[in-house]
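Below is one structure. I have some questions about it.
The values are calculated or read from the model by the stated rules, or taken from the named source; none is laboratory data. What you are looking at is a predicted structure, and each value in this text was computed from that prediction instead of being measured. Using ideal geometry, Cβ is built from the backbone for each residue, glycine included, and neighbour counts are taken over all protein chains shown. Areas reflect the complete protein model, heavy atoms only, side chains present, ligands, DNA and RNA absent. Shrake-Rupley method; radii C 1.70, N 1.55, O 1.52, S 1.80 Å.
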Amino acid sequence: MDIHSENTSWMWGVSLIVLTVTIHVTGVVSLALAMIRIRLRLQVRHLGLLYVMPTVIGVIAVIGLLLTVLHMMEAAIWATSYLWLGAFDSSSNAILFSLGSMTTVVAPGLVLPRPRQVMGVLEAANGALLFGISTAYIFGVMQVYWPLLHPRDRLPTEK
């Protein structure tokens with residue numbers, strides 16, 4: 001591999017990492033702001049467990065779905081870059097490779113051309129980072145919502 005191709009792959013890979021992390025964090029912060037409003041409404045209303053439990057389950061499910069959409073968008077950005085750079089000749093191969101790299105599973109039978117292989121490794125590192133951010137966010141949301149599932153924690157304390 002010549003130095004120009006390697007530098008170009010590094011430049012593309014690092015640029016895509018910055019872009020996708022920015023998109024992901026923007027999405028997570030937006031979700032966090034919406035979740036704060038929902039939690040405050042649940043706390044103020046002092047609702048029973050039969051109402052709070054399905055709401056908390058729904059909130060976590062919606063977060064999971066929206067984070068999945070974010071991951072799909074970010075994989076599509078990488079796939080589009082592979083197509084634009086001529087690394088793959090079909091969008092289905094590009095997205096399959098991208099999803100495989102991002103999840104660190106690897107798509108069987110698909111390999112980037114030698115000058116672009118560093119991008120696949122950088123995408124795997126990017127995927128680990130993005131999934132780590134998602135996991136930490138879901139964990140944080142569950143910690144914030146968990147007290148709402150305990151009746152003694154939901155009721156105002158008597159003095």
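If the requirement is being of a type in the set (Gly, Ala, Ser), more than 28 Å from TRP10 (Cβ to Cβ) and either assigned to a helix (DSSP H, G or I) or open to solvent by less than 60 Å² (accessible area, probe 1.4 Å) (or both), which of these qualifies: ALA61, ALA87?
ALA61 is the lone residue from the list that is of a type in the set (Gly, Ala, Ser), more than 28 Å from TRP10 (Cβ to Cβ) and either assigned to a helix (DSSP H, G or I) or open to solvent by less than 60 Å² (accessible area, probe 1.4 Å) (or both).
Please work out which residue is farthest from HIS150 (Cα to Cα), limiting yourself to the stretch 27-46 and to residues that are open to solvent by 80 Å² or more (accessible area, probe 1.4 Å) and in a helix (DSSP H, G or I).
Ranking the qualifying residues of the stretch 27-46, first place goes to LEU33.
For the stretch 47-57, does any single residue satisfy the condition of being within 22 Å of LEU129 (Cα to Cα) and surrounded by 12 or more Cβ atoms within 10 Å (Cβ to Cβ)?
no
Say we look at the stretch 103-142 and pick out the residues that are of a type in the set (S, T, N, Q) and at pLDDT 90 or above; which of these is surrounded by the most Cβ atoms within 10 Å (Cβ to Cβ)?
ASN126
Within the group MET72, MET53, MET142, which residue is within 24 Å of LEU31 (Cβ to Cβ), assigned to a helix (DSSP H, G or I) and without any contact (Cβ under 8 Å) to a residue 60 or more places away in the chain?
MET72
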